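Structure first, commentary second.
The values are calculated or read from the model by the stated rules, or taken from the named source; none is laboratory data. Please read these numbers as outputs of a predicted model, since none were measured by experiment. Cβ coordinates were reconstructed from backbone atoms using ideal geometry, including for glycine residues, and neighbour counts include every protein chain displayed. Heavy atoms of the whole protein, side chains included, go into the accessibility calculation; ligands, DNA and RNA do not. Shrake-Rupley method; radii C 1.70, N 1.55, O 1.52, S 1.80 Å.
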Amino acid sequence: MANQEIARRRTFAIIAHPDAGKTSLTEKLLLFGGQIQVAGAVKSNKIKKTATSDWMDIEKQRGISVTTSVMEFDYHDYKINILDTPGHQDFAEDTYRTLTAVDSVIIVVDGAKGVESQTRKLMEVCRMRNTPVIIFVNKMDREAKDPFDLLDELEEELVINVRPLTWPIESGPRFKGVYNIYEQKLNLFQPSKQVVTEKVEVDIHTEDLDNHIGIPLAEKLRSELELIDGVYPEFNVDDYLKGELAPVFFGSALNNFGVQELLDCFVEIAPSPRPVQAEEREVQPEEPKFTGFVFKITANIDPNHRSCVAFCKVCSGKFTRNTPYLHVRHNKTMRFSSPTQFMAQRKTTVDEAWAGDIIGLPDNGTFKIGDTLTEGEMLHFKGLPSFSPEMFKYIENADPMKTKQLNKGIDQLMDEGVAQLFVNQFNGRKIIGTVGQLQFEVIQYRLENEYNAKCRWEPLSLYKACWIESDDPAELEAFKKRKYQYMAKDRDGRDVFLADSGYVLQMAQMDFKHIKFHFTSEF
């Protein structure tokens, strides 16, 4: 029973550059899971059209995702967990962490623009972890690059072998549909956001194909399919599961075209929960005892209750409501009376969850990203670092009457991992470090709208923040004295050196040979 439950789990992240149409794809996948009645929350007023997965006000106003949202639904015999990641590069760190909690990834690529820089970076993280990848080439109903050129670009830019499993017939206004190589069926395109396109079974070597798409396009399709078989290796599921081969699908998510083919193939070939590496040992999903780790914390998912939720990936066994579990970092036992599963902002209380599932645990400050829960074993899951920020600003209280609200807001937002807080040892001022400018705007907006606290920013010119440690206490003390103005503490009380230029950092590394400079918080 347990093994059957685990085998039917599919947990994956959707990653893309912001313009690639990831939101439309997420909406359509949820449509097939019976979670929303119409595709893509279609409204006549464009301003109101926002993704089910984008629930924060700022996401709706800007039309971007600023946080990873978690959604789950049933499809045929499978239980699917989608993690919809922010595509914007300023939120890359949130996406990196999310990739530690999934077993596979769907990458969305714009048919006209091809591979963009953000997608390239995220693919590197997938390669580091050998995560299986499926590629969906979107927006084929608009003018797109030649599909063979796109495949060459995918191989070159993402450094992975590819194999098309569907093939487009033209693009833009001439787009006729796709031929499903995997199922050997022809899918004809009808531009409609509400209708799932009918599949037609045709033998491509007969006149039947000519009748459907015309003789010139039929001849072209036959020669292209021959070329594909000659150039690309046969699709091999094992190569895909090892992360060495990416199947490629073509379609138009906005028009609900090509998405079902992707989903049908995905549930069949995607991995069920995979083993997770802890510092002590490798944890197998089929183990009877529950283990899990917190990979994300979200504040104010319900603004009326000011509640924080810690998202926990179940790595092994079965999680049961109201059962005592060990919080490894605090070394104390906790029970959870209302664990939840999510459909973006809508949530339902669950009694049990199996390996591969993502559950939300109510958090009143007890969790940090990376915390482990077990049935008693001392385990530490790894791979959830904070990266060295690239932009820094002093944060100041703009309303002295709201100091308490501001401090609470900063604490909760830092717990989420949206940015990092350092306290300068020289003047005691709080410094926020982020990966991109947009995060400062999001923090300011959320402090004002969720915590009723106002802040103002003061510019601070720094090059890098590095965590430092040394086996030579005397040298460490000498360094801290010499660099007193540039020393800070992070939220865990660790020493951080705030280098104001690349040259200063280089000189410090040369002058203090026994000090280790770390650019991620995990060391």
(message) So, restricting to helices (runs of 4 or more DSSP H) that lie completely within region 1-120, which ones have at least 2 residues that are modelled with pLDDT under 75 and acidic (Asp, Glu)?
(response) 57-62, 92-99
(request) Check Gly360 against each of (1) open to solvent by 50 Å² or more (accessible area, probe 1.4 Å); (2) under 24 Å from Pro273 (Cα atoms) and name the one condition it does not meet. (result) (1)
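Within region 220-257, how many residues turn out to be under 20 Å from Lys139 (Cα atoms) and either within 20 Å of the chain's Cα centre (by Cα) or modelled with pLDDT of 85 or more (or both)?
9
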(request) Quickly run through region 200-232 and pick out the residues that are farther than 15 Å from Arg174 by Cα, assigned to a helix (DSSP H, G or I), of a type in the set (Val, Ile, Thr) and open to solvent by less than 60 Å² (accessible area, probe 1.4 Å). (result) Ile228
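Take Glu390 and tell me if it is surrounded by fewer than 18 Cβ atoms within 10 Å (Cβ to Cβ) and at pLDDT below 85.
Values: surrounded by fewer than 18 Cβ atoms within 10 Å (Cβ to Cβ): yes; at pLDDT below 85: yes.
Judged against the criteria, Glu390 is a match.
Yes/no per residue for (1) aliphatic (A, V, I, L, M); (2) open to solvent by less than 60 Å² (accessible area, probe 1.4 Å):
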site: Asn424; (1), (2): no, yes
site: Asn449; (1), (2): no, no
site: Pro473; (1), (2): no, no
site: Lys483; (1), (2): no, yes
site: Ala499; (1), (2): yes, yes
site: Gly502; (1), (2): no, yes
(message) Tally up the residues in region 288-319 that are at pLDDT 90 or above and either closer than 21 Å to Thr98 by Cα or crowded, with 16+ Cβ neighbours inside 10 Å (or both), please.
(response) 13
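Within the bounds of region 457-464, is there any residue that is farther than 30 Å from Pro400 by Cβ and without any contact (Cβ under 8 Å) to a residue 60 or more places away in the chain?
Restricting attention to region 457-464, the residues satisfying the condition of being farther than 30 Å from Pro400 by Cβ are 463-464.
Now drop any that are not without any contact (Cβ under 8 Å) to a residue 60 or more places away in the chain, which leaves 463.
Yes, region 457-464 contains at least one residue that is farther than 30 Å from Pro400 by Cβ and without any contact (Cβ under 8 Å) to a residue 60 or more places away in the chain.
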(request) Enumerate the helices (runs of 4 or more DSSP H) found wholly within region 405-523, keeping only those where 3 or more residues are within 14 Å of Phe392 (Cβ to Cβ) and touching a helix residue (DSSP H, G or I) at 6+ places or on another chain (Cβ under 9 Å). (result) 437-451
(request) Sort through Ile431, Ile468, Ile443, Ile410 and tell me the only one that's in contact with an Asp or Glu (Cβ under 6 Å, 6 or more places away or on another chain), of a type in the set (Val, Ile, Thr) and open to solvent by less than 30 Å² (accessible area, probe 1.4 Å). (result) Ile468
(message) Considering only residues that are at pLDDT 90 or above, of a type in the set (A, V, I, L, M) and surrounded by 15 or more Cβ atoms within 10 Å (Cβ to Cβ), which ones fall in region 363-378?
(response) Leu373
